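*Asks:* Sharing a structure here in structure tokens format.
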Ligand code: ADP
Ligand code: MG
């Protein structure tokens, strides 16, 4: 199943020079290093995943999600896979280099910005998710939408565009057969059904309570569905516009505290016009957050619907600078 025939007999060190001194980033599984192609000089990112931390199945899931995205033409706001290696104690993914760092660091350094500035970035994330959720027979899910996995292509003010990274928890609907460009839909559906009964979503390190939807807490074994990504994006929009997490306003909540708040159906979102953290928000921004952080996944805004929300299109997003 590990495809990419071109890479099979080559060693990574024959193809790339690796810069070990200044890692680009690190997550629960992977360390991401800057590498350059020996022949072309092209600079790319190398995600190195220790086999001690990730099984072959985990690695294949991430790689297949990335391969499928490429097969469907890729997306301007999703970080693309170039090739992969399986060598010694590590799996390696060679990815587009994303040079602007994580989006939140940029917002913090950049200082004051308006809803309209935020709306442009939010629109880019929504378009990436709309593409992803619509691949093949729908229901391709990122499943780990959080600030660390939203990067910017550049740090230049207002020029950086969003790059969605980290498909390590992605829900893949089926495996791509290298020799066959036609995906077998029956096969995909039966795999999908099979996935629901398994416990592969448990203990993957990708379960991030702060961004988990109510339905994910209800059944941690269930295969994730697109609305879970949209809930996570709702939490991110809230943070972008208020500077605080909706369920951890003091910054001291434990995972259990957050779970209790998310699952407590009666607790209203801290979103009203009198609330100190959301007083400055436009009514339209409040409406968007409420529609994304809607408890019922069937009623929650989809990525496609979100792209038509007037705040996301920029029509109603305030241009006042937020402090
Ligand atoms: P994990 O699965 O361990 O969370 P990620 O794929 O999220 O690993 O990568 C870890 C971190 O590395 C990210 O949060 C980000 O800061 C950085 N990173 C990921 N991909 C790239 C890339 N293509 N270019 C530059 N930095 C990246
Ligand atoms: Mg990550």
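The values are calculated or read from the model by the stated rules, or taken from the named source; none is laboratory data. No experiment lies behind these values; they were computed from the predicted model shown. Here Cβ is always computed from backbone atoms with ideal geometry, including for glycine, and neighbour counts include all displayed protein chains.
*Asks:* In the range 154-169, how many residues are buried (at least 20 other Cβ atoms within 10 Å of the Cβ) and away from ligand 2 (no atom under 16 Å from the Cβ)?
*Replies:* Count: 1.
*Asks:* Considering (1) surrounded by fewer than 23 Cβ atoms within 10 Å (Cβ to Cβ); (2) in contact (Cβ under 8 Å) with a residue 40 or more places away in the chain; (3) closer than 29 Å to residue 139 by Cβ, say which one residue 280 fails and leave the rest.
*Replies:* (3)
*Asks:* Counting residues that are modelled with pLDDT of 55 or more, which helices (runs of 4 or more DSSP H) fully inside the range 147-255 reach at least 2?
*Replies:* Per the criteria, 214-218, 226-242.
*Asks:* While we're looking at this one, here's another question. For the range 272-323, which residues satisfy the criterion of being out of contact with any strand residue (DSSP E or B) (no Cβ under 7 Å at 6 or more places or on another chain), within 22 Å of residue 250 (Cβ to Cβ) and assigned to a loop (DSSP other than H, G, I, E, B)?
*Replies:* Matches in the range 272-323: 272, 273, 274, 275, 276, 277, 278, 279, 281, 293, 323.
*Asks:* Let me ask another. Would you tally the residues in the range 239-255 being under 14 Å from residue 212 (Cα atoms) and either within 22 Å of the chain's Cα centre (by Cα) or touching a residue at least 24 places away in the same chain (Cβ under 8 Å) (or both)?
*Replies:* 5
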